[in-house]
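Taking it in order: structure first as structure tokens, then the write-up.
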Amino acid sequence: MSHRKLVIIPTYNELENISDMVQAVMGLAGDFELLIIDDGSPDGTGAIVKSLQTSYPQRLHLMEREGKLGLGTAYIAGFKWALERSYDFIFEMDCDFSHDPKDLIRLYEAVKDRAFDLAIGSRYITGVNVVNWPMGRVLMSYFASVYVDFITGLPVKDATAGFKCYHRSVLEGIKLDEIKFIGYAFQIEMKFTTWKLGFKIIEVPIIFTDRTKGTSKMSPKIFKEAVLGVIWMKIKSIFSPYKLNRSGLT
Ligand SMILES: Nc1nc2c(ncn2[C@@H]2O[C@H](COP(=O)(O)OP(=O)(O)OP(=O)(O)O)[C@@H](O)[C@H]2O)c(=O)[nH]1
Ligand SMILES: [Mg+2]
């Protein structure tokens, strides 16, 4: 039986990447479907997706939102969309080719037999696998994981990784409306919650390449949210232990 697989990509001003990214995912073996969540990109990213949908009916989906609402809320909206439909595996991936679309297959391979519930594309499993990132970004990202491990004990080498494959039971088990962060902290919070709920996590080594087209959406605000957010997560986990979402409602 072939699994239904949905790749969710949030976009904000990715005009230079979107067409190549859609072709790359649609060209993969394994019948991946794609949901683009575009926050009204002023550069017309959404219109490009609409024009490509005629070439990929039933496989290329678009959710358009008003204004820049943050990567985290984009994924939460996408997870809910996916759970209302019969997708077995749901992926997170950036639109700027920092994540190699071909690695989607390796993430799927790591969880398809259900030995694990979440596969993470990890830059820090076998040394530091980041290409062309300024040293400052590498150090910030690497030590972010050390900081998260120190504060929370989360046994993941790449805590801010944004390249993942969830089995749907993980997203069904998480109270998605209680996920509160939007930037890197969102990536940490989803992993921390998945771990606290007892799901099995595996890290798959990937190579992360700095974007060559388009502009970064990284900001000091996103960095600050992550530093303080981790402390908040730890304190919350002490006073209100994580419980599986049994309502079936997200
Ligand atoms: N829908 C939506 N997408 C967003 C938002 N912010 C970022 N994105 C998308 O999220 C993905 C990751 O953002 P990036 O800017 O690549 O973040 P980053 O990788 O930390 O920064 P760079 O390394 O400089 O690329 C990209 O596909 C962005 O277009 C947002 O507010 N809304
Ligand atoms: Mg990027």
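The values are calculated or read from the model by the stated rules, or taken from the named source; none is laboratory data. Owing to the predicted nature of the structure, the values given are computational and were not obtained by experimental measurement. When we count neighbours, we look across all protein chains shown, and the Cβ atoms used for this are built from the backbone with ideal geometry, even at glycine. Only protein heavy atoms, including side chains, enter the accessible area calculation; ligands, DNA and RNA are left aside. Shrake-Rupley method; radii C 1.70, N 1.55, O 1.52, S 1.80 Å.
For K175, indicate whether it is charged (D, E, K, R), touching a residue at least 40 places away in the same chain (Cβ under 8 Å) and touching a Ser or Thr at 6+ places or on another chain (Cβ under 8 Å).
Values: charged (D, E, K, R): yes; touching a residue at least 40 places away in the same chain (Cβ under 8 Å): yes; touching a Ser or Thr at 6+ places or on another chain (Cβ under 8 Å): yes.
In short, yes.
Just to be sure I understand, how many residues within region 206-240 are within 16 Å of ligand 1 (Cβ to nearest atom) and in a helix (DSSP H, G or I)?
9
Going through L71, L34, L52, L28 one at a time, which residue ends up being under 29 Å from A110 (Cα atoms) and surrounded by fewer than 22 Cβ atoms within 10 Å (Cβ to Cβ)? First the steps, then the outcome.
Working: L71 fails: surrounded by fewer than 22 Cβ atoms within 10 Å (Cβ to Cβ); L34 fails: surrounded by fewer than 22 Cβ atoms within 10 Å (Cβ to Cβ); L52 fails: under 29 Å from A110 (Cα atoms).
Only one candidate qualifies: L28.
Looking at D113, D117, D88, which one is open to solvent by 50 Å² or more (accessible area, probe 1.4 Å) and either away from ligand 2 (no atom under 16 Å from the Cβ) or not charged (D, E, K, R) (or both)? Show your work before the answer.
Details: D117 fails: open to solvent by 50 Å² or more (accessible area, probe 1.4 Å); D88 fails: open to solvent by 50 Å² or more (accessible area, probe 1.4 Å).
After applying the criteria, what remains is D113.
Please find, among I238, I179, I207, the residue that is more than 19 Å from the chain's Cα centre (by Cα) and not aromatic (F, W, Y).
Working: I179 fails: more than 19 Å from the chain's Cα centre (by Cα); I207 fails: more than 19 Å from the chain's Cα centre (by Cα).
The conditions single out I238.
Hey, among the residues in region 126-166 that are at pLDDT below 95 and in a strand (DSSP E or B), which one's most open to solvent (accessible area, probe 1.4 Å)?
V131
Kindly establish whether A82 is touching a Phe, Trp or Tyr at 6+ places or on another chain (Cβ under 8 Å) and modelled with pLDDT of 95 or more.
No, not satisfied.
Which residues, taken from region 203-217, are within 17 Å of V156 (Cβ to Cβ) and open to solvent by 70 Å² or more (accessible area, probe 1.4 Å)? Spell out how you get there, then give the answer.
If we filter region 203-217 for residues that are within 17 Å of V156 (Cβ to Cβ), which is where we start, we get 203-206, 208.
Listed by number, the list is empty, since nothing qualifies.
I76 passes all but one of (1) in contact with a strand residue (DSSP E or B) (Cβ under 8 Å, 6 or more places away or on another chain); (2) touching a residue at least 60 places away in the same chain (Cβ under 8 Å); (3) open to solvent by 10 Å² or more (accessible area, probe 1.4 Å); which number fails?
With respect to (1) in contact with a strand residue (DSSP E or B) (Cβ under 8 Å, 6 or more places away or on another chain); (2) touching a residue at least 60 places away in the same chain (Cβ under 8 Å); (3) open to solvent by 10 Å² or more (accessible area, probe 1.4 Å), I76 is out only on (1).
Quick one: how many residues across region 175-202 are more than 16 Å from ligand 2 (Cβ to nearest atom), open to solvent by 40 Å² or more (accessible area, probe 1.4 Å) and not in a loop (DSSP other than H, G, I, E, B)?
Number of matching residues: 6.
Of all residues being within 16 Å of ligand 2 (Cβ to nearest atom) and crowded, with 17+ Cβ neighbours inside 10 Å in region 218-237, which is nearest to N132 (Cα to Cα)? Just the residue, please.
I222
Could you say whether any residue in region 94-108 is part of a strand (DSSP E or B), open to solvent by less than 40 Å² (accessible area, probe 1.4 Å), within 12 Å of ligand 1 (Cβ to nearest atom) and under 25 Å from K213 (Cβ atoms)? Talk me through it step by step, then tell me what you get.
Step one: of region 94-108, the residues part of a strand (DSSP E or B) are none.
Scanning region 94-108, I find no residue that is part of a strand (DSSP E or B), open to solvent by less than 40 Å² (accessible area, probe 1.4 Å), within 12 Å of ligand 1 (Cβ to nearest atom) and under 25 Å from K213 (Cβ atoms), so the answer is no.
Could we say that S169 is assigned to a helix (DSSP H, G or I), surrounded by fewer than 19 Cβ atoms within 10 Å (Cβ to Cβ) and at pLDDT 95 or above here?
Working: assigned to a helix (DSSP H, G or I): yes; surrounded by fewer than 19 Cβ atoms within 10 Å (Cβ to Cβ): yes; at pLDDT 95 or above: yes.
Considered against the rule, which asks whether it is assigned to a helix (DSSP H, G or I), surrounded by fewer than 19 Cβ atoms within 10 Å (Cβ to Cβ) and at pLDDT 95 or above, S169 comes out as yes.
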